[in-house]
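Below: one structure, written as structure tokens.
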Amino acid sequence: MASSSKQRTLPGFFFLSCLLVLVQFMGARNFFSMAANVTYSRRALLIDGKPRVLISGSIHYPRSTPEMWPDLIQKSKDGGLDVVETYVFWDLHEPVRNQYDFEGRKDLVRFVKTVAEAGLYVHLRIGPYVCAEWNYGGFPVWLHFIPGIKFRTDNEPFKAEMQRFTAKIVNLMQQENLYASQGGPIILSQIENEYGNVQSAYGQAAKSYISWAASMATSLETGVPWVMCQQADAPDPIINTCNGFYCDQFTPNSANKPKIWTENWSGWFLLFGGRAPHRPVEDLAFAVARFFQRGGTFQNYYMYHGGTNFGHTSGGPFIATSYDYDAPIDEYGIIRQPKWGHLRDLHKAIKLCEEALLTADPTSPSLGQNLEAHVYKTASGRCAAFLANIGTQSEATVTFNGKTYQLPAWSVSILPDCQNVVFNTAQINSQATTVEALYLTSETQASDKATASSIVSLSDWTFVNEPVGISKSNAFKEKGLREQINTTTDSSDYLWYSISIDINGNESFLSSTLQSTLHVESLGHVLHVFVNGNHSGSAQGTKITFDKPIFFTQGSNKIDLLSATVGLQNYGAFFDLTGAGITGPVQLRGQSGSLDLSSAEWTYQVGLKGEESGLYGSSSVNSSEWESLPSIPKNQPLIWYKSSFSAPEGNDPIVIDFTGMGKGEAWINGQSIGRYWPTNVAPQSGCNSCSYKGSYNSDKCQNNCGKPSQQLYHLPRSMVQSGSNTLVLFEEMGGNPEQISFAIKQVKSICGHVSESHPAPLVESNLSFKKTTMNSTALLKLECPYPNQLISSINFASFGTPSGQCGSFSHGQCRSVRALDVVKQGCLGLKSCSISVSINIFGDPCERVIKSLAVEASCS
């Protein structure tokens with residue numbers, strides 16, 4: 001059956017009614033113009049008195065660009081979201097006390113309005129502490145220097161500042177009529193953040209602080225409910241909510257409050273030096289289904305799109321520049337399949353159960369060990385059921401309502417009519433994709449898809465040597481060693497510690513060859529040691545001990561220590577007091593004695609000479625400081641590089657591959673795209689095969705062992721311009737900029753792998769009312785990801801017992817000889833196609849065996 005001229009469905013596809021269930025999937029709202037009354041009951045949030053099942057996803061506005069927001073939000077809506085959740089980042093909006101910034105990526109009002117234009121709601125998490133792997137937890141560092149202040153406790157200076165900023169944001173939203181009570185999209189706000197995780201460390205003052213925060217927030221009269229996440233003692237009317245990988249067991253602190261999951265971690269964050277985390281979508285879907293099975297009605301993915309830590313926004317220490325988070329929409333804005341599609345199908349199934357979930361209390365008939373059923377049946381006869389196998393080892397056969405069902409291990413089946421399974425969390429119907437980096441730096445690297453006009457070359461490299469040691473007029477001297485953050489106020493990653501020593505050759509800490517061991521202890525995060533202008537070694541960590549032999553000359557000698565931060569602490573009790581930099585001791589040690597320099601007079605310089613000169617800015621592009629030589633210096637520390645390039649054509653996301661460089665920061669046309677560190681490599685071990693079965697944790701499913709934690713860095717299209725663009729680098733450790741290359745991110749292949757036992761996919765047959773029907777047999781569906789693309793080749797097709805993943809399928813011992821021809825006939829030349837996974841189409845190559853269809857295709 002062909003549904004359109006560009007979509008074909010093979011015979012065997014038929015429809016049956018799903019008991020006249022009407023759903024409002026993905027929302028019918030196109031704009032907000034009428035004020036809404038948002039309240040809550042024990043069951044759910046109520047919007048104008050109507051209880052709602054709501055699916056939410058986090059998108060942090062400064063981790064993408066305003067030009068990306070509409071596409072990200074539309075993809076979120078297409079994925080079945082009702083709500084977009086975001087933190088508000090105090091440090092971005094008030095970098096200097098009483099001086100506010102809401103421009104560009106910081107334009108919170110524009111972001112909220114963009115969400116509203118897509119017809120979605122907003123959950124505004126003001127905090128103003130946000131954690132979020134964000135620098136200093138989102139607090140501006142100037143807050144630390146207010147006399148008498150103590151963060152996140154019953155402290156008057158802190159409460160005054162917190163109330164001032166919270167009121168500023170609320171007033172800004174109210175001025176733009178953005179709360180639901182004013183006709184806007186904001187239906188929830190959050191005050192504080194995960195305080196319950198650290199509350200005990202603050203003693204009795206914590207209780208009064210939380211009580212004050214709740215009263216302060218509600219006094220602002222937003223007209224919508226407030227929440228506190230991970231706060232079991234949140235006072236009424238604040239709703240306490242859950243964060244974690246699983247929240248099905250969570251119970252609110254009042255029988256009058258709904259069960260809300262503010263952070264369902266869709267993956268995990270990446271560290272420089274760490275492996276790449278991955279959360280299987282089967283487990284993520286299992287967690288979501290279990291939450292709704294056990295009475296939840298509002299669930300948020302943290303993150304739905306993670307984005308990028310531009311500039312110095314990453315927290316830590318050592319949080320990478322990428323904040324991809326293995327989210328359903330990747331760092332670059334590309335839909336991650338099958339995660340996005342499998343969750344979309346889950347959302348459809350949950351919405352089919354909405355009426356029953358919101359109006360009935362569940363019963364739990366016994367199914368057996370490690371098996372759970374929750375049945376929601378209304379007085380009017382509507383019925384929805386969730387059948388769960390929480391065992392991790394084997395499939396289970398269960399009898400429910402007189403019918404037999406197969407439940408894969410660690411899975412939930414959803415029956416919106418208490419009879420037919422429309423979704424199982426472990427059985428993926430959605431297509432998968434592979435995404436490639438298409439290199440554009442040279443003709444030899446570019447693939448057939450790249451035209452000559454797409455080649456990106458960096459030309460005319462120039463450089464400026466950053467002076468070793470003290471070079472700025474505002475350097476100062478002081479006895480003893482200073483903690484770094486209190487000295488720099490985080491105005492720069494860098495702080496120089498410099499000292500001069502006169503050597504006569506008879507010192508007890510010296511050998512006959514004028515050698516001594518330099519001992520330095522530092523709180524991190526990176527230490528570079530220079531003796532008489534020469535690099536003598538480096539170290540990194542949160543507790544550095546540097547011991548290395550160094551050589552002196554007779555007369556005056558200079559020791560210059562460069563300390564660098566890589567994101568400030570963002571989590572934990574009293575995280576704001578976590579220090580950095582060289583705290584000592586600093587000693588020269590020899591066989592016959594030692595010299596302690598810790599209390600000597602040191603000269604300090606905050607930041608780099610090149611930062612002071614603004615070498616990264618667009619105004620310094622033609623500065624006379626830049627030098628040009630036939631061969632630029634390479635593999636030396638402390639050097640600035642500059643080059644120009646023309647951006648590749650098209651709309652595909654651009655990435656920069658910093659292979660060949662050490663560690664530093666990159667600017668495009670004066671805008672920082674963040675810190676790069678390709679030499680920080682993940683451990684060789686720890687990337688074992690991963691099963692979705694069983695409880696997930698952040699160490700369970702990791703990959704990229706033995707490789708750079710982050711090799712590719714996002715360059716948003718809005719940061720480049722037509723014609724010439726300027727790339728500026730500060731290289732801290734030493735590298736070769738001529739090895740840098742550009743690439744674009746593209747979907748390479750689309751795949752599907754569906755078995756005969758999979759639930760038939762849900763099909764929307766009425767877009768106005770979302771009346772949903774379903775097919776009687778499993779379908780494998782493929783669709784090209786970009787407009788104007790058609791399926792151009794079938795790279796693999798096998799019906800029987802194929803195995804593997806997208807890009808690496810292989811035939812099993814059982815296979816149909818018809819598979820490739822059938823799939824080619826059904827899919828080639830079309831935008832999308834649907835194929836019945838049935839022996840009626842492919843024949844039966846092996847009787848009494850559950851067969852599956854695996855296909856890999858390419859689009860052009």
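Being over 19 Å from Ser322 (Cβ atoms), part of a loop (DSSP other than H, G, I, E, B) and in contact with a Lys or Arg (Cβ under 7 Å, 6 or more places away or on another chain) is the requirement here; does Cys705 meet it? Taking the combined requirement at face value, the residue does not satisfy it. Here Ser498 fulfils each of the conditions (1) touching a Lys or Arg at 6+ places or on another chain (Cβ under 9 Å); (2) surrounded by fewer than 18 Cβ atoms within 10 Å (Cβ to Cβ); (3) in a strand (DSSP E or B) apart from (2).
Residues in the range 162-179 that are open to solvent by less than 10 Å² (accessible area, probe 1.4 Å) and free of Cβ contacts under 8 Å to residues at least 60 places away in the same chain were compared, and the one that is farthest from Thr565 (Cα to Cα) is Tyr179. Quick one: would you say Ala232 is open to solvent by 10 Å² or more (accessible area, probe 1.4 Å), over 30 Å from Gly686 (Cα atoms), free of Cβ contacts under 8 Å to residues at least 40 places away in the same chain and of a type in the set (A, V, I, L, M)? Here the answer is yes, as Ala232 does meet what is asked.
Pairs linking a residue in the range 768-788 that is under 17 Å from Val421 (Cα atoms) and open to solvent by less than 30 Å² (accessible area, probe 1.4 Å) to a residue that is at pLDDT 95 or above and of a type in the set (Ser, Thr, Tyr), with Cβ atoms under 7 Å and 6 or more positions apart or on different chains, are Ala778/Ser755; Leu779/Ser834; Leu779/Ser836. Does at least one position in the range 131-143 carry a residue that is surrounded by fewer than 17 Cβ atoms within 10 Å (Cβ to Cβ), over 26 Å from the mean Cα position of the chain (by Cα) and at negative phi? There is at least one residue in the range 131-143 that is surrounded by fewer than 17 Cβ atoms within 10 Å (Cβ to Cβ), over 26 Å from the mean Cα position of the chain (by Cα) and at negative phi.
Sub-6 Å Cβ pairs linking a first residue in the range 821-846 that is more than 12 Å from Leu782 (Cβ to Cβ) to a second residue that is buried (at least 20 other Cβ atoms within 10 Å of the Cβ) and hydroxyl-bearing (Ser, Thr, Tyr), at least 6 apart or interchain, are Phe842/Ser816; Gly843/Ser816; Pro845/Ser816, ordered by first then second residue.
Take the residues of the range 144-157 that are in contact (Cβ under 8 Å) with a residue 12 or more places away in the chain and of a type outside the set (Val, Ile, Thr): which is most open to solvent (accessible area, probe 1.4 Å)?
First, pick out the residues of the range 144-157 that are in contact (Cβ under 8 Å) with a residue 12 or more places away in the chain: 144-146, 149, 151-155.
Still in the running and of a type outside the set (Val, Ile, Thr): 144-145, 151-152, 154-155.
Numbers: His144: 47, Phe145: 84, Phe151: 7, Arg152: 4, Asp154: 65, Asn155: 20 Å².
Filtering first and then ranking leaves Phe145.
Output yes when any residue across the range 266-281 is under 30 Å from Ser411 (Cβ atoms) and part of a helix (DSSP H, G or I), and no when none is. Yes, the conditions are met somewhere in the range 266-281. Residue-level analysis places Ser364 outside the set of residues that are without any contact (Cβ under 8 Å) to a residue 60 or more places away in the chain and out of contact with any strand residue (DSSP E or B) (no Cβ under 7 Å at 6 or more places or on another chain). Within the range 251-265, restricting attention to residues that are outside any strand (DSSP E or B) and touching a Phe, Trp or Tyr at 6+ places or on another chain (Cβ under 7 Å), the residue that is farthest from Tyr323 (Cα to Cα) is Lys257. Applying the condition of being more than 29 Å from the chain's Cα centre (by Cα) and closer than 18 Å to Phe645 by Cβ to the range 422-443 and asking which residue is modelled with the highest pLDDT yields Ser442.
For the range 191-241, the set of residues classified as part of a helix (DSSP H, G or I) and of a type in the set (A, V, I, L, M, F, W, C) consists of Ala201, Ala205, Ala206, Ile210, Trp212, Ala213, Ala214, Met216, Ala217, listed by residue number.
Residues of the range 45-58 include at least one that is among the basic types (Lys, Arg), open to solvent by 10 Å² or more (accessible area, probe 1.4 Å) and over 24 Å from Ser266 (Cβ atoms).
Filtering Lys707, Lys663 for residues that are basic (Lys, Arg) and surrounded by fewer than 16 Cβ atoms within 10 Å (Cβ to Cβ) leaves a single hit, Lys707.
Residues of the range 513-546 that are over 16 Å from Arg589 (Cβ atoms) and either assigned to a strand (DSSP E or B) or among the hydroxyl-bearing types (Ser, Thr, Tyr) (or both): Ser522, Val526, Leu527, His528, Phe530, Asn534, His535, Ser538, Ala539, Gln540, Thr542, Ile544.
The set of residues in the range 71-84 that are open to solvent by 30 Å² or more (accessible area, probe 1.4 Å) and farther than 23 Å from Ala132 by Cβ comprises Gln74, Asp78.
Regarding the range 217-224, can at least one residue be identified that is acidic (Asp, Glu), modelled with pLDDT of 95 or more and open to solvent by 40 Å² or more (accessible area, probe 1.4 Å)?
Keep residues of the range 217-224 that are acidic (Asp, Glu), which gives 221.
Cutting the leftovers down to modelled with pLDDT of 95 or more gives us 221.
From what is left, the residues that are open to solvent by 40 Å² or more (accessible area, probe 1.4 Å) are 221.
Looking through the range 217-224, at least one residue is acidic (Asp, Glu), modelled with pLDDT of 95 or more and open to solvent by 40 Å² or more (accessible area, probe 1.4 Å).
Taken over the range 804-831, the criterion of being open to solvent by 10 Å² or more (accessible area, probe 1.4 Å) and either among the β-branched types (Val, Ile, Thr) or not in a loop (DSSP other than H, G, I, E, B) (or both) is satisfied by Ser810, Arg815, Val817, Leu820, Asp821, Val822, Lys824, Gln825. The range 566-651 holds strands (runs of 3 or more DSSP E) entirely within its bounds, and those carrying 2 or more residues that are in contact with an Asp or Glu (Cβ under 7 Å, 6 or more places away or on another chain) and surrounded by 14 or more Cβ atoms within 10 Å (Cβ to Cβ) map to 582-589, 601-606, 639-646.
The values are calculated or read from the model by the stated rules, or taken from the named source; none is laboratory data. The structure presented is a predicted model; accordingly, all values stated were derived computationally and were not measured. So basically every Cβ, Gly included, is an ideal-geometry build from the backbone, and we count neighbours across all protein chains shown. The area values use the complete protein model at the heavy-atom level, side chains included, leaving out ligands, DNA and RNA. Shrake-Rupley method; radii C 1.70, N 1.55, O 1.52, S 1.80 Å.
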